[in-house]
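Remarks on the structure that follows.
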Amino acid sequence: MSNFADLGLPEKILTALNAIHFNTPTPIQQQSIPVALQGHDILGSAQTGTGKTAAFAIPMIVHLLENPLSCALVLLPTRELAQQVISAARSMLEKDSGIVSALLIGGDSMFKQLQQLKRNPRLIVGTPGRINDHLLRRSLVLNKTDFLVLDETDRMLDMGFIHDIKRILKLLPARRQTLFFSATMPPEIETLANSMLTKPE
């Protein structure tokens, strides 16, 4: 596949990708995007710098555009990665998409995050610890979140986020699409993936 148009993406997404000079999909994007667009769960092993963000952000945005009542959650190990991902996702959204996003990360102003949540965002990007803080405050509800992404999951486990992740999973709808990425696949990652994914590609 030489360009994103070959992946069967909606015109709105293609326009946004052209505007940010996304022309040729990387191997992880070629493999992941068509499968995710079909609604399958994904278990992906990919290093940072392979184009992984667009591999999950593009199908996630298509899902939100096509399902106006749906919400999406992206979990990442660090605030820096979360900032990069939300910036990339926002660049792929046309101004008139109507999809509001929120960045929920540790070390950032709680007041600012509460203001973001009052706007009823449909795309939440954050770190597991801060997502849990908002769930405990009941400032965040995940009952409509039917699209979940875990990126750099091995790093999240290394940083001790396993219990936070499990608490978040309990509050998500059982029927959802999950994209799970990890640079390495040790036994504990495989166990977690098996508990979360349904017939993953």
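The values are calculated or read from the model by the stated rules, or taken from the named source; none is laboratory data. Keep in mind the model is a prediction, meaning the values are calculated, not measured. Here the Cβ positions follow ideal geometry from the backbone for every residue, glycine too, while neighbour counts run over all protein chains shown. Note: areas computed on protein heavy atoms with side chains; ligands, DNA, RNA excluded. Shrake-Rupley method; radii C 1.70, N 1.55, O 1.52, S 1.80 Å.
The set of residues in region 1-13 being open to solvent by less than 20 Å² (accessible area, probe 1.4 Å) and not aromatic (Phe, Trp, Tyr) consists of 7, 9, 13. Could you tell me whether region 144-154 includes any residue that is touching a Phe, Trp or Tyr at 6+ places or on another chain (Cβ under 7 Å) and part of a helix (DSSP H, G or I)? Within region 144-154 (the criterion being touching a Phe, Trp or Tyr at 6+ places or on another chain (Cβ under 7 Å) and part of a helix (DSSP H, G or I)), the answer is yes, since at least one residue qualifies. Listed by position, the strands (runs of 3 or more DSSP E) contained in region 14-107 that have at least 1 residues being open to solvent by 60 Å² or more (accessible area, probe 1.4 Å) and touching a residue at least 24 places away in the same chain (Cβ under 8 Å) are 42-44.
A Cβ distance below 8 Å, combined with a sequence gap of six or more or placement on separate chains, defines the contacts here; from region 171-193, residues that are in contact (Cβ under 8 Å) with a residue 40 or more places away in the chain reach residues that are among the basic types (Lys, Arg) in the pairs 181/52; 183/155. Filtering region 117-145 to residues that are in contact with a Leu (Cβ under 7 Å, 6 or more places away or on another chain) and not β-branched (Val, Ile, Thr) leaves 117, 122, 123, 126, 128, 130, 134, 135, 139, 140, 142, 144. You will find that of 119, 130, the residue that is open to solvent by 10 Å² or more (accessible area, probe 1.4 Å), closer than 30 Å to residue 18 by Cα and of a type outside the set (A, V, I, L, M) is 119 and no other.
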